[in-house]
Structure formats: C-alpha cells, structure tokens
Amino acid sequence: AQSVTQLDSQVPVFEEAPVELRCNYSSSVSVYLFWYVQYPNQGLQLLLKYLSGSTLVKGINGFEAEFNKSQTSFHLRKPSVHISDTAEYFCAVRANDYKLSFGAGTTVTVRA
Amino acid sequence: DTAVSQTPKYLVTQMGNDKSIKCEQNLGHDTMYWYKQDSKKFLKIMFSYNNKELIINETVPNRFSPKSPDKAHLNLHINSLELGDSAVYFCASSHWTVNTGELFFGEGSRLTVL
C-alpha cells in the first residue's frame, strides 16, 4: 500500500513571493504522482501529474513539481503567487491498485 | 455544461434518516468514485465502479450503499444517518487505465446530520 505525507499543513505567503509545498510518499512499487487544488467551496481539479519521463513537470497556473525518486518526494513550486492561488492543495499517489490516495492537504493563504 | 454534477449540493437532516446523493458525468468515462472529505479536509475513497461493476469497496459501514445504474451515474444511499456521517461527499470519474489516474471531481455534496 502507498501513503502520502504533506509536510506543511498551512503555508502563509505574500503575493508575488515564491511558494513550495512539500510532499513525500511511501510505496513499494512504482507510482504515479499528482497535485490537485481545491478552491473554496469547490471540487478538486488537477494541477499536474507525473507518470514517467522528465522528473520536472509543469502544470496549470504556473505551477511545477519535481519528482525525486531517491527521496520519494514530489514537491510543488510556484515562483510568484497571486491572491487567487489561495486554496487547499493535495498531493496524491496512485499505484497499480487503481486507488488514488491523498495527503492531508496544505492550506495556502496568499496575502497582499 | 458541468462535467461531473452532484445533487443535492447541501443536505441537512436528522439522525436516523435515510438520504441519497446523486452523481452524473457527461465525460464519457467508464469509472466513477465516491470520496468522503471530513472536517479536517482529509479525503478518503469509499467506493469505485467500473462499467457498473464495483471494483473498490473500502472499509465503509454497511449503511452506505452505492448504486450505478449505468456508466454515467453513481448514486450513494445512506441509511440510518449518524452524526459522524457529516462531511462533504465528492463524486469523481475517470478513464479505466493505469497510465493516467486523473480524476474529475464534482463540486461536492455537504451533508450535515443534526
């Protein structure tokens, strides 16, 4: 079975500053990795995913993440955040059992 | 057009009642899911159906019964509601393939049990 740990439960950040959200996973098999975003009172939508190939993946809204197999990490970054990036961010992992397992989420609050 | 739609969006009911949440997707996907998000925003899968067949059935009380009349619909019926059932329930859909895993979520149904 796989599990996901998001190391930061809350990340306050000023507008136009960079942000990094940390995610570590544990799995005995190869996995597929995802970051989802949940805006207030909405469902989740996919930001980006790593399936194979280049370890640096780019997503929507200027986000990117880097897969590090040796450190079993998949950290999410954005060089300059906007007020509209205030949301809940979920890291997720899926192995061959077809289940998508989510981390506990990181609340990002962007302040002017 | 909403890709994954759930009804109702809000549901307030008394303990012991029975209620249902409906979900429909128009994305042509063959797999649908129910997730429960608790007050701490933790998301946990409950059920998944592929082509109307139950493929994931996590440790969920028997009071919860999913039904998939066709590939585009997955409903959730809950009997004898308890206070602990209060949560946001998300429906999601996807293609049945290992190489993607991208799920498309509805906006959630917030259930409050009094």
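Brief remarks follow.
- Averaged over the residues of peptide A:99-106, the number of Cβ atoms from other protein chains lying within 10 Å of each residue's Cβ is 5.
- Spherically averaged projected area in nm², based on the convex hull that wraps the Cα atoms of region B:25-87: 4.6
- Subset of A:Lys99/B:Lys40; B:Lys19/B:Lys40; A:Lys49/B:Lys67; A:Lys58/B:Lys71 violating a 27 Å alpha-carbon distance limit: A:Lys49/B:Lys67; A:Lys58/B:Lys71
- Each listed q (0.24 Å⁻¹) maps to a log10 I(q)/I(0) for region B:4-113 from the Debye sum over equal C-alpha point scatterers, namely -1.43.
- Averaging 1/r over every pair of different alpha carbons in the protein assembly as shown and inverting the result gives a Kirkwood radius of 18.1 Å.
- Fluctuation leader among A:Asn61, A:Asn24, A:Asn41 - chain A, Gaussian network, Cα springs under 10 angstrom: A:Asn41
- Region B:74-114 residues near the modelled B:Asn17 label - backbone nitrogen below 20 Å, point 7 Å along Cα→Cβ: B:75-90, B:108-114
- Principal axis dimensions, largest first and in whole angstrom, of chain A by Cα: 43, 28, 21
- Under the criterion of Cα pairs below 8 Å and six or more residues apart, the relative contact order for chain A equals 37 percent.
The numbers here are math on the coordinates, done by the rules we state, and not lab data. The model shown is predicted, which means the values in this text are computed figures rather than measured ones. Please note: Cβ atoms are built from the backbone with ideal geometry, for glycine as well, and neighbour counts cover all protein chains shown.
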